[in-house]
Amino acid sequence: MLSIVKGPYLQRPAETGMTFMWETSEPASSRVNVFAAERIHSGHQGNYKTPERLVRTAGSDDDRTIHRIDMDGLEPATAYFYTVISENARGKTESGPHPFKTAVRKGEPFCFAVTSETGGYSGFDQTNGIINRNLFGQMQNYRPDLALFIGDMVNDGRQYDDWSAYLFNPGRGLLWNTPFYSCLGNHECNASWYYDFFAYDPPKNYYSFDYGDVHFVCLDSTDFVKREHYPNAAGTICEGNPQYDFLVRDLQAASAKWNIVYFHYPPYVSGGYQVEDLRQLCPVLERHGVDLVFNSHTIVYERSHPLRDGRVDMENGIVYVVAGGAGAMPDWLLPKREWHTSQSLAVPHFVQVSVVSDRLELRAIDVEGRLFDTLQIRKAADGGKTFR
């Protein structure tokens, strides 16, 4: 019997569109119907909405198992509902309606959630996946507009079943209605499934995108630091490396109010698995106005002081956040903090970031929903920053 085995899930959010993806058990056709979210007045208080009117439809009759439909012609920052439908000679399957929201315009507030290690922690997990399920549920409670996964989404990216076990099944409720981006970690093993399941811009292991007032840049630290040379970069972080040259060109061209970069290996963490060679990227990030960097790999939470030129700079520094959230390894923390560490704790968690006008508000939330760290970054018209 034809069935949906992954998703549906959302990719590439834009002001006027969205990419819808899902996987079926057999090759089948692909169709997406998008419905207006009409406001209900009777029987509900406030602005409760429900799908009522079909506004867009798109599809393909080509049979495939991994389905991707790009939809355009929608309104910015607007709530809709969608249904995906696949059909072949053996039957028909569908999922929905599920809510989604198109990307906000520049100048409009939004929020995004960050976590990692949904698969990387699996070798230490004694809860049979309860941490993953609860963490995705807490993220959904905060209703982010966007999610970032900072690598190690799976235990072994070459194993097809891992993608369902550690990401798509426990995250189903969140991924139905929240578009997400990710980067390669060492557990993905640069496997072909990463390139098949996600709709990022080529070459997919590094890319950038804009959302509201933020320019996001994804890097592949596993390409800078090869497995055979780990933890050494072996001369790869320099001009002439395609990814390095992309980073320079991309940040030079960026015009958003905020620049956020994310990649797996952490250049700064008071714990095991710090990859200091990646500090060779810091001069580029500093020169081009990066505000916040997210990393993972060490399965803890850690936030640095604002850093620039290898020291604390409370006016122009970059904050580095290790969000190794879907697990906790207290033994991986050093007995005492390094000079660059502001806050650190080994608990399962995610990070919620609100982008509002002239400030970023960061909140670290544990798997029980408890707030345990906050940071606010304010930016003046001249680019000067204050941290509190």
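The values are calculated or read from the model by the stated rules, or taken from the named source; none is laboratory data. Please read these numbers as outputs of a predicted model, since none were measured by experiment. No Cβ is skipped: glycine too gets one built from the backbone with ideal geometry, and neighbour counts run over all protein chains shown.
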For this session: Quickly run through region 89-104 and pick out the residues that are more than 14 Å from ILE4 (Cβ to Cβ) and among the polar types (S, T, N, Q).
Result: THR102
Seminar exercise, completed: Within region 346-370, the count of residues that are assigned to a strand (DSSP E or B), within 23 Å of PRO170 (Cβ to Cβ) and either among the aliphatic types (A, V, I, L, M) or at pLDDT below 95 (or both) comes to 4
Seminar exercise, completed: Among helices (runs of 4 or more DSSP H) entirely within region 157-241, at least 1 residues that are among the small types (Gly, Ala, Ser) occur in 172-177, 192-197, 221-224
For this session: For residues that are assigned to a loop (DSSP other than H, G, I, E, B) and of a type outside the set (Gly, Ala, Ser), tally how many sit in region 242-283.
Result: 11
Seminar exercise, completed: Inside region 371-388, the number of residues satisfying the requirement of being more than 12 Å from ILE318 (Cα to Cα) and hydroxyl-bearing (Ser, Thr, Tyr) is 1
For this session: Give me the pairs, please: first residue somewhere in region 1-22 and over 13 Å from LEU175 (Cβ atoms), second residue anywhere and basic (Lys, Arg) and in a loop (DSSP other than H, G, I, E, B), beta-carbon distance under 8 Å, and either six or more positions apart or on two chains.
Result: MET1/ARG90; LEU2/ARG90; GLU15/ARG105
Problem set entry | Top-ranked residue in region 348-388 [being under 21 Å from the mean Cα position of the chain (by Cα) and among the hydroxyl-bearing types (Ser, Thr, Tyr); ranked as farthest from VAL104 (Cα to Cα)] | THR374
For this session: Report, by residue number, each residue of region 83-102 that is under 26 Å from LYS49 (Cβ atoms) and not in a strand (DSSP E or B).
Result: THR102
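Can we say PRO267 is touching a residue at least 40 places away in the same chain (Cβ under 8 Å) and touching a Lys or Arg at 6+ places or on another chain (Cβ under 6 Å)?
yes
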Problem set entry | Residue selected from region 123-158 under the condition surrounded by 15 or more Cβ atoms within 10 Å (Cβ to Cβ) and either of a type in the set (S, T, N, Q) or not assigned by TED's automatic domain parsing to the domain that holds VAL347 (or both), by the criterion nearest to the chain's Cα centre (by Cα) | GLN140
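Residue-by-condition table, conditions (1) farther than 22 Å from TYR211 by Cβ; (2) touching a strand residue (DSSP E or B) at 6+ places or on another chain (Cβ under 8 Å); (3) at pLDDT 95 or above:
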| position | (1), (2), (3) |
| --- | --- |
| GLY123 | yes, no, no |
| ASN141 | no, no, yes |
| ASP145 | no, yes, yes |
| GLY151 | no, yes, yes |
| ARG158 | yes, no, yes |
| LEU174 | no, yes, yes |
| ASN190 | yes, no, yes |
Exercise. Of the residues that sit in region 371-388 and are part of a loop (DSSP other than H, G, I, E, B) and not hydrophobic (A, V, I, L, M, F, W, C), which one is farthest from SER304 (Cα to Cα)?
Worked result: ASP382
For this session: Would you please name the residue that is modelled with the lowest pLDDT, looking only at residues in region 83-96 that are of a type outside the set (S, T, N, Q) and over 28 Å from ASP210 (Cβ atoms)?
Result: ARG90
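Suppose we filter LEU247, LEU278, LEU219 for residues that are closer than 23 Å to SER116 by Cα and more than 19 Å from the chain's Cα centre (by Cα); which single one remains?
Numbers: LEU247 fails: more than 19 Å from the chain's Cα centre (by Cα); LEU219 fails: more than 19 Å from the chain's Cα centre (by Cα).
Exactly one residue qualifies, and that residue is LEU278.
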